[in-house]
Amino acid sequence: MTGSAGSVAFIGLGVMGAGMAANLAQKGFATTVFNRSAAKAAPLAAAGALVAASAREAVGGAAVVFLCLPATGDVEAVLFGSAGIADSLAAGTVVVDTSTIDPVATRDFAGRLSARGVALLDAPVSGGQKGAADGTLTCMVGGPAEALETARPFLAAMATTIVHVGGSGAGQVAKACNQICVSANLVGASEAMALAMKMGVDPARVREALLGGAARSVVLERHVQKLLDRDFRPGFRTALITKDLAIAAKALNDAQVFAPVAAAVLQVLKGLGASGRQDDDWCSVGDLIQQLSAVEPTDRHTTAS
């Protein structure tokens with residue numbers, strides 16, 4: 001292992017990354033952070049992290065480097081672009097990419113880093129903004145087992161469930177599977193709430209009843225509550241779930257999997273973005289479904305009790 005055993009760098013301080021990096025700093029790891037928008041790093045400085053002026057500066061001497069970035073192209077640019085970190089990583093460093101990106105590209109990145117003596121773990125997470133802040137995420141890991149053991153103490157600061165799914169790219173495949181499940185769940189639950197409203201039944205009471213049976217889910221617990229409260233402040237933006245499901249749809253197509261549900265849900269999410277809700281929380285898909293179902297505006301303002 002290179003660098004100090006407790007030294008870690010974190011690049012990307014968005015909705016998820018900020019909470020994850022804060023947990024590292026608060027739990028005693030020597031943490032250096034970098035974000036293109038410097039203002040987002042200020043709360044991390046208050047939590048005890050050092051703020052670097054560049055990504056290359058952030059990774060100097062770090063044993064483990066975390067990335068939490070929006071898309072495949074962003075990860076490639078941070079690793080291998082003109083200002084990328086690959087040339088600044090010493091042999092033995094472990095890079096942990098918590099972004100949700102293309103699994104094929106992930107395998108390519110892993111091979112390119114391996115040639116430099118650097119291990120890449122693809123380790124996308126599930127649990128949302130609250131899980132990131134509370135340190136209770138689920139982490140799906142692909143890559144070398146020995147690299148995971150190096151990174152495990154750091155991952156344990158931000159995740160309560162860490163599953164080694166398999167080799168390089170396996171974590172991204174697992175995350176694609178996760179996004180298929182949760183997005184289909186949210187669209188289905190949103191249709192259910194619209195049906196209750198259209199039939200003159202209190203959707204909050206319907207949700208309460210469903211939570212007691214086989215339909216119970218995290219989506220019903222958290223996201224449908226946000227929908228009923230009409231709280232569309234972004235915890236997970238529409239643009240991001242659409243990007244994630246597009247990655248899953250490509251993987252499904254490449255693997256020749258019959259996937260009518262994912263295909264339909266992706267079209268719904270694209271429509272949601274086209275309706276002007278790209279930056280709203282993804283639970284706003286329920287509002288779009290209500291509008292297209294001609295649910296009266298007064299009914300759409302019903303809040304859960």
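The values are calculated or read from the model by the stated rules, or taken from the named source; none is laboratory data. Only a predicted model underlies this, so the values are computations on that prediction, with no experimental measurement involved. For neighbour counting, all protein chains shown are included, and Cβ atoms are generated from backbone atoms with ideal geometry for every residue, glycine included.
Wholly within segment 205-305, which helices (runs of 4 or more DSSP H) include no fewer than the required count, namely at least 3 residues that are surrounded by 14 or more Cβ atoms within 10 Å (Cβ to Cβ)?
Here the list reads 224-228, 238-254, 260-272, 285-292.
Here's the yes/no breakdown for (1) within 28 Å of ASP102 (Cβ to Cβ); (2) β-branched (Val, Ile, Thr); (3) outside the structural domain of GLN129 (by TED's automatic domain parsing):
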{"position": "HIS223", "(1), (2), (3)": "yes, no, yes"}
{"position": "ASP229", "(1), (2), (3)": "no, no, yes"}
{"position": "ILE241", "(1), (2), (3)": "yes, yes, yes"}
{"position": "VAL257", "(1), (2), (3)": "yes, yes, yes"}
{"position": "PRO260", "(1), (2), (3)": "yes, no, yes"}
{"position": "VAL268", "(1), (2), (3)": "yes, yes, yes"}
{"position": "SER275", "(1), (2), (3)": "yes, no, yes"}
{"position": "VAL295", "(1), (2), (3)": "no, yes, yes"}
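Given (1) in contact with a Phe, Trp or Tyr (Cβ under 9 Å, 6 or more places away or on another chain); (2) free of Cβ contacts under 8 Å to residues at least 12 places away in the same chain, identify the lone condition not met by ALA151.
Of the numbered conditions (1) in contact with a Phe, Trp or Tyr (Cβ under 9 Å, 6 or more places away or on another chain); (2) free of Cβ contacts under 8 Å to residues at least 12 places away in the same chain, the odd one out for ALA151 is (2).
A quick yes/no check of all residues on (1) in contact with a Pro (Cβ under 6 Å, 6 or more places away or on another chain); (2) at pLDDT 95 or above; (3) within 30 Å of GLY28 (Cβ to Cβ); (4) of a type outside the set (Val, Ile, Thr):
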site: VAL173; (1), (2), (3), (4): yes, yes, no, no
site: ALA176; (1), (2), (3), (4): no, yes, no, yes
site: VAL182; (1), (2), (3), (4): no, yes, no, no
site: ASN185; (1), (2), (3), (4): no, yes, no, yes
site: MET193; (1), (2), (3), (4): yes, yes, no, yes
site: PRO203; (1), (2), (3), (4): no, yes, no, yes
site: LEU211; (1), (2), (3), (4): no, yes, no, yes
site: LEU220; (1), (2), (3), (4): no, yes, no, yes
site: LEU252; (1), (2), (3), (4): no, yes, no, yes
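Every residue in segment 31-50 that is outside any helix (DSSP H, G or I) and not β-branched (Val, Ile, Thr), please.
Scanning segment 31-50 gives PHE34, ASN35, ARG36, SER37, ALA47, GLY48, ALA49, LEU50.
Quick test for you: out of ALA62, ALA77, pick the one residue that is assigned to a loop (DSSP other than H, G, I, E, B) and more than 17 Å from the chain's Cα centre (by Cα).
ALA62
Which residue pairs have Cβ atoms under 6 Å apart, sit 6 or more places apart or on different chains, and have a first residue in segment 247-272 that is under 20 Å from GLY169 (Cα atoms) and a second that is of a type outside the set (A, V, I, L, M) and not in a helix (DSSP H, G or I)?
As it stands, the answer is ILE247/ASP102, since those pairs meet every condition given.
Count, please, the residues in segment 103-131 that happen to be buried (at least 21 other Cβ atoms within 10 Å of the Cβ) and outside any helix (DSSP H, G or I).
Qualifying residue count for the region: 9.
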